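In what follows, a structure is listed as structure tokens, so that the remarks can point back to it.
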Amino acid sequence: MVYRWNLEGTALEFPTPYAVENRFLVWRGYALIALAVLVALLPSLVSPGTDVTVLASVDNPVEPGSAWPHLLGALLMAVLGTLNLVQASRQRALLLMPGQPASLMPEVAHEANGSSPGAPALMQALSRGMVLPPPLAGPYAGALRKLCGELGSPPSTLLTYLRSRVAHLLLLGGLALLMAVGWGAGVVLAKPLAAHFVALLVLLVASALWVRHALQTTAAAASPGLLISVLLAALLMVLPLVWFSASLPGQERWPKLTLPAGALAFLALAFLIEVLALMAARQQLSDPRPSRVSPQEATLSFDADPGQLLAVVDRELHRRWAEGIPNRRYARVVPAVDLSNEEGSFSGLVLEESQPLVPGAARGTVKSAAPRAAVKHGLWLPLLAWVGLLASLAGGLMWAWSTRTHLQDGSASWLPSMVGLVCLLLGAYAMRVAHLLWSRVEVDSSFIWLDFKGSFFRVAGVPGVPGVPGVPSVQGVAPAAATGRDAAAAPIGVEGLTLKSCVVQARSVYYAAGPNSLGSRTLVSLVGDSKAATHWTSLAQGFAQTLAQSPAATTSTVAAMAAARGKVRERRRADEQAADAPRKPARFCAGCGTPLLVGARFCQHCGATVA
């Protein structure tokens with residue numbers, strides 16, 4: 001991993017997850033450019049009558065076709081191939097800008113005091129060692145359960161991708177049914193041209209779907225209501241097309257275009273691509289696996305403001321930032337001490353996540369090494385890429401064959417050209433559909449969860465005790481809660497502070513080609529790190545030992561603090577004994593059954609004498 005400077009700041013350069021996709025893009029790009037050159041040269045190489053299979057007579061001369069439609073097809077192939085090469089050259093490295101990948105929930109500013117709304121759910125997941133999947137809701141939820149089973153906790157980008165695949169499959173099924181209805185109506189009404197006009201309508205609707213996904217790959221899936229509206233509108237257009245098909249212009253030209261064959265090829269190949277994409281996305285779903293997470297606990301007492309311990313923790317957190325990148329802070333609750341009371345309790349919380357990094361992507365690694373988790377694509381995703389590549393090659397070859405045929409005989413069928421154009425477009429669609437799945441990246445991060453709970457006491461009438469040398473006071477401890485100069489200067493002691501530390505090594509997944517928003521990265525696995533958790537309890541114990549050995553511990557304040565701590569312990573011991581002492585059973589009036597007061601000699605309700 002290296003740093004790259006640009007206009008937006010420092011970008012992290014990681015090994016690319018698109019290594020396999022780039023190979024397919026380069027192969028397809030060079031193949032399409034070569035086929036485009038071949039088609040462009042055919043008008044100068046082929047002339048009428050060079051093929052011995054083409055017969056001509058005086059009564060029926062052979063007229064060559066125009067080269068312009070084929071040159072436009074060559075231009076389309078050249079553009080598609082060039083775009084593939086440009087995309088492959090731009091995907092040689094993965095650049096992550098500051099704030100990428102997205103955090104798991106809204107963050108808390110480092111100078112703020114509070115907790116994120118999602119922090120309780122995250123702490124519950126850390127304590128269990130797994131993330132409980134949320135209930136699946138939204139459009140196509142039932143279809144996703146039947147097709148994919150348990151989804152777990154997929155990123156929002158993958159969930160949107162699955163919904164889009166289901167929506168496209170339903171739309172393709174509706175278009176196939178619509179084409180069958182139009183074709184059948186044309187046969188019943190004896191209007192053979194009806195199939196051509198219905199096929200044209202189907203191709204227009206399907207092409208609109210292709211263009212929408214090519215321009216917006218991460219757009220939300222169309223709702224069921226929208227699909228039904230589109231199909232109903234198409235059906236209402238099919239009926240007049242079938243009825244007036246015999247009176248529409250160009251009766252002799254429509255059969256040459258072979259639109260029904262092109263529509264059938266489009267629906268069949270698009271259905272295959274959508275099924276392969278759905279299976280490839282289904283293979284990238286991960287099941288949550290629980291692991292054992294055991295927090296470490298330490299109890300200590302010291303004579304200082306508890307906010308000073310949090311200052312030491314903040315400084316250590318800053319020192320342990322991954323690659324010098326600030327942690328994602330999800331909760332920071334400063335232990336608030338109310339100096340207006342002589343005794344009280346406090347609590348504090350720290351929950352942070354280190355910068356998610358690709359496993360093994362340390363500073364100075366070779367950029368060509370692919371990320372460890374990004375090369376596990378399974379079977380369906382490479383198969384989808386092969387379908388896109390082979391469909392593009394087949395489409396280019398059919399277009400070249402059609403060009404050669406039409407340059408010799410202008411009355412030849414346009415079937416190879418129509419099917420070839422469909423294969424070219426859907427080959428690009430297959431490569432575009434697979435792009436999001438190629439961008440899957442797994443990153444590692446560390447969660448640090450520190451929980452402070454304890455009680456404090458204050459000794460009035462003696463000068464305050466300075467804190468640990470070099471440890472600043474923490475904003476938010478609020479000596480302003482005290483009333484009077486003596487209360488603010490009174491020394492504070494902490495009795496029985498319990499620190500629970502939990503460090504969890506987490507692996508999360510996100511898609512680099514998707515939007516960087518909340519929910520685009522989700523947790524895959526959680527593994528407790530007891531050794532790292534022990535470091536934080538040792539840090540707190542070292543803070544207490546350093547404070548006990550400081551010069552302030554040799555002053556006359558020590559005796560007052562020790563006496564106050566002894567009184568606090570005796571008071572707490574007495575409270576615990578009183579709470580554990582057996583209580584006398586409740587008494588009731590024998591006359592009316594009213595519960596009697598403690599020590600009462602007469603019933604407060606009926607006045608009867610209590611025995």
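Within the range 378-410, find all residues whose amide N lies under 13 Å from a label point positioned 7 Å from the Cα of residue 268 along Cα-to-beta-carbon.
none
Using amide H atoms built in the peptide plane, which far-off residues or other-chain residues are under 5 Å from residue 130 H to H?
291
Given R₀ = 35 Å, what would the calculated FRET efficiency be for residue 453 paired with residue 323, taking r from the Cβ atoms and rounding to 0.05? Don't skip to the end; give the middle numbers.
Details: r = 33 Å, r/R0 = 0.94.
In this case the efficiency is close to 0.60.
Along Cα→Cβ, 7 Å out, is where each label goes; now give me the distance between the ones at residue 188 and residue 23 in nm to one decimal.
5.3
In whole Hz and in residue order, list the ³J(HN,Hα) couplings for the range 199-215 that follow from phi through the Karplus curve 6.51 cos²θ - 1.76 cosθ + 1.60, θ = phi - 60°; x for Gly and Pro.
Rounded to whole hertz, the list is 5, 4, 5, 4, 5, 5, 5, 5, 5, 4, 4, 5, 5, 4, 6, 5, 7.
Roughly how many Å² of residue 502 are accessible to a 1.4 Å probe, to the nearest 10?
Approximately 10 Å² of residue 502 is accessible to the 1.4 Å probe.
Based on the mean of other beta carbon atoms within 10 Å per residue, what is the order of 431-440, 12-21, most packed first? Before the final figure, lay out each step's value.
On the way: 431-440: 23.1, 12-21: 21.3.
For the peptides 431-440, 12-21, the packing ranking is 431-440, 12-21.
How much length, in nm to one decimal, is gained on full extension between residue 588 and residue 110, taken as 0.36 nm per residue of separation minus their Cα-Cα distance? Numbers along the way, then the final one.
Numbers: separation 478, 0.36 × 478 = 172.08 nm, distance 5.92 nm.
Computed gain between residue 588 and residue 110 is 166.2 nm.
At 10 °C and 1.306 mPa s, grab the translational diffusion coefficient of the range 379-447 from Stokes-Einstein with a Kirkwood Rh over Cα pairs, rounded to a whole number in µm² per second.
114
I'd like the FRET efficiency for residue 228 and residue 518, computed as 1/(1 + (r/R0)^6) with the beta carbon distance as r and R0 of 30 Å, rounded to 0.05. Don't jump to the answer; show the numbers that get you there.
Details: r = 31 Å, r/R0 = 1.04.
Efficiency, rounded to the nearest 0.05: 0.45.
Which whole-percent values make up P(r) of the range 116-273 when all C-alpha to C-alpha distances are grouped in 5 Å steps starting at zero?
Taking every Cα pair in the range 116-273, the percentages come to 1, 8, 15, 16, 14, 12, 9, 7, 6, 4, 3, 2, 2, 1, 0.
With r as the distance between the Cβ atoms of residue 181 and residue 216 and R0 = 25 Å, compute the FRET efficiency 1/(1 + (r/R0)^6) and round to 0.05. The partial results should precede the final answer.
Details: r = 30 Å, r/R0 = 1.21.
So the FRET efficiency works out to roughly 0.25.
The values are calculated or read from the model by the stated rules, or taken from the named source; none is laboratory data. All values derive from a computational prediction rather than experimental measurement. We place every Cβ from the backbone using ideal geometry, glycine too, and count neighbours over all the protein chains shown. Only protein heavy atoms, including side chains, enter the accessible area calculation; ligands, DNA and RNA are left aside. Shrake-Rupley method; radii C 1.70, N 1.55, O 1.52, S 1.80 Å.
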